[in-house]
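Quick notes on the structure that follows.
The values are calculated or read from the model by the stated rules, or taken from the named source; none is laboratory data. A quick note: this is a predicted structure, and the numbers were derived from the prediction, not measured. Please note: Cβ atoms are built from the backbone with ideal geometry, for glycine as well, and neighbour counts cover all protein chains shown.
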Amino acid sequence: MKIFTLFILTTSILNAYAQEKIWDTFEGTRVLNNHSTDMLYKKDLEFIVAHKFGDLAGANGGVKTFFGLDNSSDIRIAFEYGVTNNLNIGIGRNKGVNQQTQVLDGYLKYRLLQQEKNGSAISLTYVSSLAAPYRKAASDSTSSAFYTNNLQRLIFTNQIIAARKVNSKMSILVNVGYNHRNLVAYDDVNGLFFTGGALRYRFTQTFGVLIEYNHLWNLAPNAKQTDPLAIGIEIITGGHNFTIVYSNSRALNENLFLPNTYSKWLNGEFRIGFSINRRFKI
C-alpha cells in the first residue's frame, strides 16, 4: 500500500512538473500597437489610455510643432476584461486617423495553447477584432468614408499570434492575419493579408525594450501605404504598465494602423506615443 501511494504521489508531481506553464511572455495584452499572446486572468479588468503625438521631424515636425507634441495623431481609451483565463474581450474608442475617425472598436481573444516547461514550445492565441467609424459620411463619392449604409463602416481584423518566452529576458512573437474594410477608396483594395513579428528584451525586472513590425502583402497597385514599424520602452511599476512608443503609424488600433500607415521613418515621419495600463480585480 505504501509503495502504491508513493507511486501515485510521484506520478502526480511529475505530471504537475511536466505541465508547468510559462507566463508573462510579454508584460501586457499588447506588444506596442498590436496584440500579444498574453491574456488577462478571469475577472481581471484593465483600463488603457493611449496617445500618439505628431511627427517628430520631417515637413510636419521639428521645432515649429515642438517635435510633434503640439499635435495629436490618435487617442484611445479602452477597457479589457477576462471572461475566463482563456477568453478575453475588450472595447475602446479612438480619435481615429485619415478618413476613419470617431471610431468604436471591440475584440475577442482566445487562448489556443500556452507555453509549458516540458510541453508546448509556444503560446498561441486567436484574435478577432472589429472597428466602426461613426463620423458623418463624406460627400465625395471617391472617398473611403462615402458611407451609404452602416455596414460599409465596418472594418475587421482576424489574426493568429504565436509567441515564445526564450528566457527570463527575451521573448519573440510572430503573427499572421487578414484585415478587411467593407468600404475603401476607388483605387484601394478591401482585403489586406499581413504577417508580422515582435521582440522583447528585458534589461531589468522593471525596464525593457520592444520592437514590432507588420508587413502588408497585397497592396493595391501604386499604393502609398507603408509597413508599420514601432520601437518602444516599457516601464513596469506594480499594477501599472507604462510604455513609450516611437512609430511611423499614426493609429493605435490594428483595424486602423494596418491599412492606414503612410509615414516613412527615413523621412522623419515618426512620432512618440505612450500607453498607460491599470489592472483591477473585480
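Here LYS64 passes the criteria (1) in a strand (DSSP E or B); (2) free of Cβ contacts under 8 Å to residues at least 40 places away in the same chain except the one numbered (1).
Flag: TYR41 matches the condition of being of a type in the set (Ser, Thr, Tyr), in a loop (DSSP other than H, G, I, E, B) and either free of Cβ contacts under 8 Å to residues at least 40 places away in the same chain or within 29 Å of ALA163 (Cα to Cα) (or both).
Taking the condition of being polar (S, T, N, Q) and under 23 Å from ASP38 (Cβ atoms), how many residues in the stretch 197-240 meet it? If you could, list the steps in order and put the result at the bottom.
Of the residues in the stretch 197-240, the ones polar (S, T, N, Q) are 204-206, 214, 218, 222, 225-226, 237.
Still in the running and under 23 Å from ASP38 (Cβ atoms): 204-206, 214, 237.
Number satisfying all stated conditions: 5.
Look through the stretch 235-282, keep the residues that are among the basic types (Lys, Arg) and over 16 Å from THR206 (Cα atoms), and return whichever of them is surrounded by the fewest Cβ atoms within 10 Å (Cβ to Cβ). Out of the qualifying residues, it is LYS281. Scanning the stretch 116-137 for residues that are among the basic types (Lys, Arg) and surrounded by 11 or more Cβ atoms within 10 Å (Cβ to Cβ) returns LYS117, ARG135.
Residue count for the stretch 45-81 satisfying the condition of being small (Gly, Ala, Ser), at positive phi and surrounded by 16 or more Cβ atoms within 10 Å (Cβ to Cβ): 2.
The residue that is surrounded by the fewest Cβ atoms within 10 Å (Cβ to Cβ), among those in the stretch 138-165 that are aliphatic (A, V, I, L, M) and at pLDDT below 95, is ALA138. Residues in the stretch 180-228 that are of a type in the set (A, V, I, L, M), touching a strand residue (DSSP E or B) at 6+ places or on another chain (Cβ under 6 Å) and surrounded by fewer than 19 Cβ atoms within 10 Å (Cβ to Cβ): LEU199, VAL209, ILE211. Only residues that are buried (at least 17 other Cβ atoms within 10 Å of the Cβ) and part of a strand (DSSP E or B) were counted in the stretch 82-102, giving 9.
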